[in-house]
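The values are calculated or read from the model by the stated rules, or taken from the named source; none is laboratory data. If you're wondering where the values come from, they're calculated on a predicted model, not measured in any experiment. Cβ placement follows ideal geometry from the backbone for every residue including glycine, while neighbour counts extend to all protein chains displayed.
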Amino acid sequence: MTAASTIQLLPDADGLGRAAQYLGQGGLVAFPTETVYGLGADARNDTAVARIYEAKGRPSFNPLIVHLADQPAAEALCHFSPAAQRLAAAFWPGALTMVLPFVAQAGISPLVTAGLDTLAVRVPDHEVARALLRSYGGPIAAPSANPSGRISPTTAQHVVDGLGGRIDAVVDGGACPVGVESTIVDCSGAAPVLLRAGGIPVEAIEACLGQTLLLPDEATPDRPTAPGQLASHYAPMGRVRLNAEVASPGEVMLGFGNVECSLNLSPSGDLLEAAAQLFGHLHRLDAMKAKQIAVSPIPDKGLGRAINDRLRRAAAPRD
Ligand code: TXA
Ligand code: MG
């Protein structure tokens, strides 16, 4: 493929039809979800799934989320515990991914699970994603549509900037409304475990279950630890300093609330707005060639937990 060969599709019947055609031929198609853009391939096609890893430059031990049109489609692939049933009823379609024991013989490529005996599934709440899943009619494996370790894309342009020429097509559905990835809960063991804070607040999940989610290091020792928790992730080009009240000389300030800054996640201090702005602002800081970035403190509650998780990864030491 040449750099120009990633086709931009409209989210209309023609565009979705062509997207489904690419998927059916083992191609890679990026599409919008309510959280971030996903890089989709048919989850049953080994070669197509391998191409995802190749296009992203992703370490092969990091498994993928399978996207489905509805809960019955997910139930054909995974065993749902009562807790999983309750979470699906409350939050699907939506920004919740569940890790569940998978049904052997369901035909999912082993490259999707990277050798684990569990599968991550979710039913996205985005008109374009749902229309594509319905028209395609099969399970779509989709990590976020960014080169591995880089910022997740929340617009079709972000996808083209990162992966243009490496993937067949991107369906342009505008900006993603939630802006951070899904919350991941491992429901495969006796007690549910929070693997990643994300678009559904942890508090809402705990209220639904009537119990506190365990953190991975509190979970039973025989449970495989969450893979892919690479320390440096979601990283802009510049160095990131967290919990900064003001910018030091030479720093570009990424603010939150009523602070002096170059870019503000939410001048009014609204965590929902900040989540939706987060990756766009990190992309903007790259476009500005910001070398040193100071970030305001973000309250660690609701969507703030997901934002802080991504910011800590952006600030982690890297090679
Ligand atoms: O919002 C989202 O979740 C987006 C959109 C496109 O749906 N997708 C996304 O995928 O963020 P990705 O691949 O960037 O992140 C998926 C995470 C990875 O950290 C991976 O390790 C974890 O899910 N994961 C996938 N399968 C797993 C499994 N069986 N057990 C534990 N963790 C798993
Ligand atoms: Mg990702």
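Observations
- Across region 137-156, not a single residue is classified as within 27 Å of Q211 (Cα to Cα), within 16 Å of ligand 2 (Cβ to nearest atom) and surrounded by 23 or more Cβ atoms within 10 Å (Cβ to Cβ).
- Check on L87, part of a helix (DSSP H, G or I) and touching a Phe, Trp or Tyr at 6+ places or on another chain (Cβ under 7 Å): no
Matching residues to (1) exposed (fewer than 12 other Cβ atoms within 10 Å of the Cβ); (2) of a type in the set (A, V, I, L, M, F, W, C); (3) modelled with pLDDT of 95 or more:
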| site | (1), (2), (3) |
| --- | --- |
| E206 | no, no, yes |
| L230 | no, yes, no |
| H233 | no, no, no |
| R241 | no, no, yes |
| A244 | no, yes, yes |
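- Selection count where residues are more than 9 Å from ligand 1 (Cβ to nearest atom), in contact (Cβ under 8 Å) with a residue 60 or more places away in the chain and surrounded by fewer than 20 Cβ atoms within 10 Å (Cβ to Cβ), scope region 111-124: 0
- Those residues of region 294-311 which are among the hydrophobic types (A, V, I, L, M, F, W, C), closer than 17 Å to V202 by Cα and more than 16 Å from the chain's Cα centre (by Cα), in sequence order: I298
- Contacts under 7 angstrom Cβ, first residue in region 150-179 being among the acidic types (D, E), partner assigned to a loop (DSSP other than H, G, I, E, B), 6 or more apart: D168/T6; D168/G27; D168/L28; D172/L10; D172/P11
- Any chance S144 is out of contact with any helix residue (DSSP H, G or I) (no Cβ under 8 Å at 6 or more places or on another chain) and not β-branched (V, I, T): yes
- Restricting attention to region 177-204 and to residues that are within 11 Å of ligand 1 (Cβ to nearest atom) and β-branched (V, I, T), the residue that is surrounded by the fewest Cβ atoms within 10 Å (Cβ to Cβ) turns out to be I184.
- Test result for G162, more than 10 Å from ligand 1 (Cβ to nearest atom), in a loop (DSSP other than H, G, I, E, B) and not assigned by TED's automatic domain parsing to the domain that holds L265: no
- Residue within region 36-47 that is of a type outside the set (S, T, N, Q) and modelled with pLDDT under 95 present: yes
- The single condition among (1) within 21 Å of L303 (Cα to Cα); (2) within 19 Å of the chain's Cα centre (by Cα) that A90 does not satisfy is (2).
- Any hit, region 101-121, residues being away from ligand 2 (no atom under 16 Å from the Cβ), part of a helix (DSSP H, G or I) and within 27 Å of P11 (Cα to Cα): no
- Condition check for G174: more than 13 Å from ligand 1 (Cβ to nearest atom), assigned to a loop (DSSP other than H, G, I, E, B) and either at pLDDT 95 or above or outside the structural domain of V99 (by TED's automatic domain parsing) (or both): yes
Yes or no, residue by residue, for (1) modelled with pLDDT of 95 or more; (2) among the β-branched types (V, I, T):
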residue: P124; (1), (2): yes, no
residue: S148; (1), (2): no, no
residue: I151; (1), (2): no, yes
residue: T155; (1), (2): yes, yes
residue: R166; (1), (2): yes, no
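- The residue that is farthest from ligand 1 (Cβ to nearest atom), counting only those in region 125-159 that are in a helix (DSSP H, G or I) and hydroxyl-bearing (S, T, Y), is S135.
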